[in-house]
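Got a structure here, written out as structure tokens. Questions coming.
The values are calculated or read from the model by the stated rules, or taken from the named source; none is laboratory data. Note that the coordinates shown come from a computational prediction; the quantities given were computed from them, not determined experimentally. Methodologically, a virtual Cβ is constructed for each residue, glycine included, from the backbone with ideal geometry; neighbour enumeration extends over all protein chains shown.
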Amino acid sequence: MGEFNVHRVRFFDYMPSAIRALAFQPQRERIAVARTDGTVEIFNRADCFFQEKVIPGRQQAATEALAWVGDRLFSAGLNGEIIEYDLDNNKTKYTIDAYGGPIWSITSNKQGTHLAVGCEDGTVKLFEVHEDRIQFERNLAKQKGRIISLSWHPSGSKIVAGMMDVIHIFDTETGQSVQRLLVDRGVGTSRSQECVVWSVVYLSDGTIISGDSAGKVKMWDSRTGTLIKSHQVTKWDVLTLSVSQDETSLAVGTSEGHVVQFQFLSMVLGQEDKEWVRTRTFKNHTHDVRAVLEVNTAIVSGGMDTQFVVRPLLDKIDERGQASALRNIQFPHRRLVSCARKAGLLLFQYPGHLELWRLGESEGNGMFGSVLTVKRKPEKLLHLKIKGEEHICCSAVSPCGGWIAYSTVASFRLYRLHCENNNVSIIKVSKLPKVLSSANQICFSSDSSHLFVASTCSSVHVAILNQSGCKFVCTLKPKSGSGQAINLLAASEDGKWLASANSDHEVQIYNLNKMKPHCTVPVHSSGVSAMAIHPTTNNLFMVHADQQLTEYSVEKKQYTDWSRQVQRHGLHSLWLERDTPVTNVTFNPKNPAHIVLHDMYMFCIIDQTLPLPDQRSQFYNQLTLRSMPEKERKKHSHAFKMCKIFKELLFVELMEDQSLVVVERPLMDITAQLPAPVRQKKFAT
């Protein structure tokens, strides 16, 4: 595997935001996730829950609710605005004020013709969905108190609204409240304490299901306005409900971190009479579960502990595999760390600022596993705070450490950096080409002479960097004419090639000598999570969200022999069943056959000279292999060399001096920064 001096970096204080809302688009199997900092993420359920898109948030623009209308995504928040998103270019398409104060909920009818929003002023506002925008249509009868939760009847003729102490049923034709359901506050509750109906679901048979702050899940008959059954789920709040598409299963999220499943079952074998029965309790969260979804074979949940949890329903899964894996998605499926390999610098991307650090130095070399004496400690060189409310969507530092670039949705910035001893100076490049208005991805050439900026419609702008500034060269456009945003860029070491990957799974390769498209890699069924061009062979190495590995010869325009061997032989089930994607690929210049890659829990060196593991092989940690006799060690030798001695990984990179940089972010450090949960588990209780 090789031995490296390792920089264990733990001074990147990455802190994900809490999850506030979830929404599922069943036709394309996309899940939208809204976080409290306004960020919206799109996950592909069919592609191993890969995070395809990230739409950056804004300061003081927290999203409260999400709704899909066909392929269009809308959100609403406490600032009183409704937002439609441009999902091709990962940004806000337009914003409209509902003029009802803070918006607590948003939902669409099954027909996809209308949106309803619940407002602070007690109104339910209906908006008609047009091809390019939405338009206000009418207010339903105004009530006293805010509208907390909403749900359409599948027919679209009625809407149920949850409020304080009461549930209203509205007729969408007349706009009047046709039924009023009083909610019990619970035994021992003071009269001054209101019962908040946090979530409601309207089923096709006329049943209304509500979840409230008294910890109860209640089933109501909407025709008679009577309570059918009440379930005391928790002593705390029931915050969210979600029903399956066939309306036979209900997921319930509580403020003590539990997700409870109800199923619509017959209590007596052979009889048709059914009722809602509590069947399972899942305890995968430590804090409030603010959003929950039931999607086909899994329950998806998120909340204050920032985790995006996918809990498989094993009774709906036929065989063990990726679909049966419990997934705790903590880190983004993209890089937040950029590395200047030649200068020993790291750039950390936070939502509102950038930090530049110089790595420390050690004295000499030690034995395997030993801790070296630090000669110079890591040093923070720069804290670059951005102006405005927009969050940073991408950033990069040049390999030489002389340039820093970042972009928000609205602007692009480039800086010239000078580091001499302990003196650091930064100069903003004021005159930028007009085409560099914003970026989805940023990449520098290996000699830091060129800047590549991924723009709209899968196009890439190329600019030359020199002492006088930045000069635009040309725009590279794919032959496919795709309108999707680019999510990965990779430049070759010799400056001849540039590869780009978008969320349509397209990988384009451009010839930088001729400044035109060279070829398109055959489209894989799964998206590319990480890729890089080999410095000596110019082969493009790609890792996909489904954990498949492919290697493509750029010059020959075909897959390499090693890649074809992988496809024929197949990868080990232990490799394929991993639940986090690879987010970075790099190479060892001293050993061209070694490919270094990592996910959240391990980093791996693939030795292309060794045989691939068969299904009987074990993926031993390298420390375990070292402790074996040499004969036994050779018996277990194969191409995949795994290392799991580090805490949760955000970034792994090989520097020019052959040292290994490992950026760790232990989950315990994230948990320690969270607010106290409403209920803490005590031993033996």
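Just to be sure before I move on: is A410 assigned to a loop (DSSP other than H, G, I, E, B), closer than 19 Å to I55 by Cβ and in contact with a Phe, Trp or Tyr (Cβ under 6 Å, 6 or more places away or on another chain) in the structure I sent?
no
Where in the stretch 175-294 are the strands (runs of 3 or more DSSP E), entirely inside, with at least 2 residues that are among the polar types (S, T, N, Q) and over 28 Å from the mean Cα position of the chain (by Cα)?
177-182, 207-212, 226-232, 259-266
Another question, if that's okay. With the checklist (1) under 25 Å from the mean Cα position of the chain (by Cα); (2) of a type in the set (D, E, K, R); (3) more than 24 Å from S563 (Cα to Cα) in hand, flag the one item K479 doesn't pass.
Answer for K479: the failing condition is (1).
Looking only at residues in the stretch 506-541 that are under 20 Å from F43 (Cα atoms) and assigned to a strand (DSSP E or B), which one is farthest from the chain's Cα centre (by Cα)?
Among those that are under 20 Å from F43 (Cα atoms) and assigned to a strand (DSSP E or B), it is V507.
Okay, next question. Got a number for residues in the stretch 90-113 being more than 20 Å from E131 (Cβ to Cβ) and among the hydrophobic types (A, V, I, L, M, F, W, C)? Walk me through how you get there before you give the answer.
Looking only at the stretch 90-113, we keep the residues that are more than 20 Å from E131 (Cβ to Cβ), and these are 90, 97-105, 107.
From what's left, among the hydrophobic types (A, V, I, L, M, F, W, C): 98, 103-104.
Within the stretch 90-113, residues that are more than 20 Å from E131 (Cβ to Cβ) and among the hydrophobic types (A, V, I, L, M, F, W, C) number 3.
Here's another thing I want to ask about it. Filter the stretch 172-207 down to the residues that are farther than 24 Å from E64 by Cα, of a type in the set (G, A, S) and either surrounded by 14 or more Cβ atoms within 10 Å (Cβ to Cβ) or modelled with pLDDT of 90 or more (or both) and list them by number. Give the steps one after another, and end with the answer.
Kept after step one, since they are farther than 24 Å from E64 by Cα, are these residues of the stretch 172-207: 173-182, 184-192, 204-207.
Filter again for of a type in the set (G, A, S), leaving 175, 177, 186, 188, 190, 192, 204, 206.
Selection gives G175, S177, G186, S204, G206.
So which of G112, G118, G122 is assigned to a loop (DSSP other than H, G, I, E, B) and closer than 20 Å to M164 by Cα? So that I can check it myself, show each step before the final result.
On the way: G112 fails: closer than 20 Å to M164 by Cα; G118 fails: assigned to a loop (DSSP other than H, G, I, E, B).
Result: G122 is the single residue among G112, G118, G122 that is assigned to a loop (DSSP other than H, G, I, E, B) and closer than 20 Å to M164 by Cα.
Quick test for you: out of D561, D546, D504, pick the one residue that is more than 24 Å from D607 (Cβ to Cβ), among the acidic types (D, E) and out of contact with any strand residue (DSSP E or B) (no Cβ under 8 Å at 6 or more places or on another chain).
Criteria check complete, one pass: D504.
A follow-up question, please. Could you list all residues from the stretch 214-236 that are under 20 Å from A21 (Cα atoms) and surrounded by 22 or more Cβ atoms within 10 Å (Cβ to Cβ)?
V217
Please note which helices (runs of 4 or more DSSP H) are completely contained in the stretch 558-631 and include at least 2 residues that are under 30 Å from V310 (Cα atoms) and out of contact with any Gly (no Cβ under 9 Å at 6 or more places or on another chain).
Answer list for the stretch 558-631: 561-569, 573-576.
Restricting attention to the stretch 654-673, which residues are part of a loop (DSSP other than H, G, I, E, B) and not acidic (D, E)?
Scanning the stretch 654-673 gives M655, Q658, S659, R665, P666, Q673.
Quick check, is D273 buried (at least 21 other Cβ atoms within 10 Å of the Cβ) and acidic (D, E)? Outline the logic, then answer.
Details: buried (at least 21 other Cβ atoms within 10 Å of the Cβ): no; acidic (D, E): yes.
So D273 fails the test.
Give the stretch 68-119 a look and list any residue that's without any contact (Cβ under 8 Å) to a residue 24 or more places away in the chain and among the hydrophobic types (A, V, I, L, M, F, W, C), or say none.
Once the filter is applied, which keeps residues that are without any contact (Cβ under 8 Å) to a residue 24 or more places away in the chain and among the hydrophobic types (A, V, I, L, M, F, W, C), the stretch 68-119 yields only I83.
Consider E84 carefully, then state whether it is surrounded by fewer than 16 Cβ atoms within 10 Å (Cβ to Cβ) and part of a strand (DSSP E or B).
Against the criterion (surrounded by fewer than 16 Cβ atoms within 10 Å (Cβ to Cβ) and part of a strand (DSSP E or B)), E84 does not qualify.
Now a separate question. One residue is enough: does the stretch 416-435 have a residue meeting the conditions in contact with a Cys (Cβ under 9 Å, 6 or more places away or on another chain) and either closer than 27 Å to H333 by Cβ or in the same structural domain as V40 (by TED's automatic domain parsing) (or both)?
Applying the first criterion (in contact with a Cys (Cβ under 9 Å, 6 or more places away or on another chain)) to the stretch 416-435 yields 425, 429, 431-433.
From what's left, either closer than 27 Å to H333 by Cβ or in the same structural domain as V40 (by TED's automatic domain parsing) (or both): none.
There is no residue in the stretch 416-435 that is in contact with a Cys (Cβ under 9 Å, 6 or more places away or on another chain) and either closer than 27 Å to H333 by Cβ or in the same structural domain as V40 (by TED's automatic domain parsing) (or both).
Could you grab me the full set of residues in the stretch 416-446 that are outside any strand (DSSP E or B) and more than 26 Å from G360 (Cα to Cα)?
Correct list: V429, S430, K431, L432, P433, K434, V435, L436, S437, S438, A439, N440.
Next question. Residues to consider are L650, L612; find the one that is surrounded by 17 or more Cβ atoms within 10 Å (Cβ to Cβ) and in contact with a helix residue (DSSP H, G or I) (Cβ under 6 Å, 6 or more places away or on another chain).
Values: L650 fails: in contact with a helix residue (DSSP H, G or I) (Cβ under 6 Å, 6 or more places away or on another chain).
Result: L612 is the single residue among L650, L612 that is surrounded by 17 or more Cβ atoms within 10 Å (Cβ to Cβ) and in contact with a helix residue (DSSP H, G or I) (Cβ under 6 Å, 6 or more places away or on another chain).
Can you tell me which residue among T286, T281 is at pLDDT below 95, touching a His at 6+ places or on another chain (Cβ under 6 Å) and outside the structural domain of D37 (by TED's automatic domain parsing)? Give the derivation first.
Numbers: T286 fails: touching a His at 6+ places or on another chain (Cβ under 6 Å).
The unique qualifying residue is T281.
Give G253, G303, G257, G211 a once-over and let me know the one that is farther than 23 Å from F43 by Cα and in contact with an Asp or Glu (Cβ under 9 Å, 6 or more places away or on another chain).
Going through G253, G303, G257, G211 in turn, the sole match is G211.
A further question follows. For the stretch 462-500, how many residues are over 23 Å from V585 (Cα atoms), outside any loop (DSSP other than H, G, I, E, B) and either of a type in the set (S, T, Y) or in contact with a helix residue (DSSP H, G or I) (Cβ under 9 Å, 6 or more places away or on another chain) (or both)?
Matching residues across the stretch 462-500 total 1.
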